[in-house]
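Only one structure is covered here, and it is reproduced in the block below.
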Amino acid sequence: MKRMFSRRTSWILAPNRFTRAQQEMQTAGRELLDLTISNPTRAGFRYDRRAIFQALNHPSAMDYDPQPKGLSSAREAVAGYYRNRHEEVDPETVILTSSTSEGYSYVFRLLCNPEDEVLVPKPSYPLFEFLADLQDVKLVPYPLLYDHGWQIDLPSLYKAVNNRTRAVVLVHPNNPTGSFVAELEKTELNNFCRERGLALVVDEVFLDYAHDGGARPTFATNSDALTFTLSGLSKISGLPQMKLAWMVINGPAEQAAAALARLEVVADTFLSVSTPIQLAASTLVDQLHSIQPQLLERVTANLRELDHQLAGQKTCQRLSVEGAWCAVLRVPATQPDEDLAIEILRKQSVLVHPGHFYDFSSDGYLIVSLITPPDDFRKGIAKVLERLND
Ligand SMILES: Cc1ncc(COP(=O)(O)O)c(C=O)c1O
């Protein structure tokens, strides 16, 4: 069997201890308080179902007009998203994909030969590993350091670059640390990438979720280095099931034009976004006006509740967070995080993620989702703190 399949798919497929513990609890019929919810469609938000269904019922949906970058009306809708943020993006620089993950795959395919390297933040989002395996790309972590707030360890990032490095991934704001790339970091990285011939790949799926409500600038207008900005409906409009995402290609004119021309061929090979979804794009993007306020209200209310409960004890603190949908709890590192998360699951019936799921470099971190329904969040945090302070 081993020789039958590619090495890139030789993953360990057995569920890890944490997932097994979760399955055991569910099989035993134990009700869990889930503080790891990341799916907005199952978190009690109100969607304008009528507008969404109506938009999916477009008369032109029976016509097939294969456009590699996507239908111009849909790319205009993406440009409209940026215009609404007072940022100008040319729809001709937009390529539609079915997900941000697909966007990453296209960009890795464009930039990397097998075994080439891409720098990624640590801690960050766990999907990168699989995306990279599938594209034969080697991920090299660069650290984010915490000292009252998060910052990129730029000297370590520079040291991690070698002649196989092709790109630097930025997650703006990062998941789960909730940290945005600061203006100074952006300037430094632009200079560095331009000088070294590297591209920036910037994941902005949580861009609109700054907890202070202030808008943070996109990289989609960054012309100082070759930049691929990825975003999509899954977080922007809370519609992951619609499978519509995009990338914006920007940078020094000649490089950006060459990248766009090549990516058009990649996109033409798959033509992966369905026509009904493209025709509905402008309505689907518009849903952000009703969904983002709900999500932000939930996130800030849960953060307030968390701080209220944390104030009553001393064992656990939370790290400061600027945006996105998670909070990081600092807990005593007396045992591996996974053991602690399993203990909390078994004894308190509460699901939280251990820090190492997000590649934290040491033990002592638990991650909770701030989009959890408020009642569950309040009860779940109380039970977690009860255990930690036991
Ligand atoms: C930082 C980040 N990027 C991308 C994604 C996935 O987005 P999509 O559903 O568009 O693939 C996620 C999902 O949680 C995420 O956390």
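Nearest 5 percent is fine: what portion of the DSSP beta bridges confined to region 49-286 is antiparallel?
45
Share of the chain's accessible area from carbon and sulfur, percent, 1.4 Å? Walk me through the numbers before you get to the answer.
Numbers: 9230 of 18430 Å².
In the chain, the share of accessible area belonging to carbon and sulfur is 50 percent.
Taking amide H as placed 1.01 Å from N in the peptide plane, Ser98 has its amide H under 5 Å from the amide H of Ala245, each at least 5 places away in sequence or on another chain. Per-residue surface analysis assigns Val161 an accessible area of about 20 Å², computed on protein heavy atoms at 1.4 Å probe radius.
With all pairs of different C-alpha atoms in the average, the Kirkwood value for the hydrodynamic radius of the chain is 22.1 Å.
With a probe of 1.4 Å, find how much accessible area region 49-286 has per residue, and write the answer as a whole number in Å².
Details: 10130 Å² over 238 residues.
Counting only protein heavy atoms, the per-residue value for region 49-286 is 43 Å².
Spacing of the modelled spin labels on Thr334 and Asp390, each 7 Å from Cα toward Cβ, amounts to 1.0 nm.
Kindly provide the helix-only [θ] at 222 nm of the chain, computed as the sum of -39,500 (n - 2.57) over DSSP H runs of four or more divided by all residues, to the nearest 500 deg cm²/dmol?
Working: 14 runs with 154 residues, N = 390.
Rounded to the nearest 500, it is -12000 deg cm²/dmol.
Summarising the label geometry, the points placed 7 Å from Cα in the beta-carbon direction at Asp375 and Arg83 lie 4.3 nm from one another. Determine which residues of region 214-246 fall in the zone a paramagnetic label at Ala51 would reach in this model, i.e. backbone nitrogen under 14 Å from the point 7 Å along Cα→Cβ. Zone members listed by number: 237-239. Ranking Leu32, Leu184 from most to least accessible surface, computed with a 1.4 Å probe over the protein chains only, gives Leu184, Leu32.
The values are calculated or read from the model by the stated rules, or taken from the named source; none is laboratory data. These figures come from a predicted structure and were not determined experimentally. Quick reminder, even Gly has a Cβ in these numbers, built from the backbone with ideal geometry, and neighbours come from all protein chains shown. The protein model used for the area step is the full one, side chains on, heavy atoms only, and it has no ligands, DNA or RNA in it. Shrake-Rupley method; radii C 1.70, N 1.55, O 1.52, S 1.80 Å.
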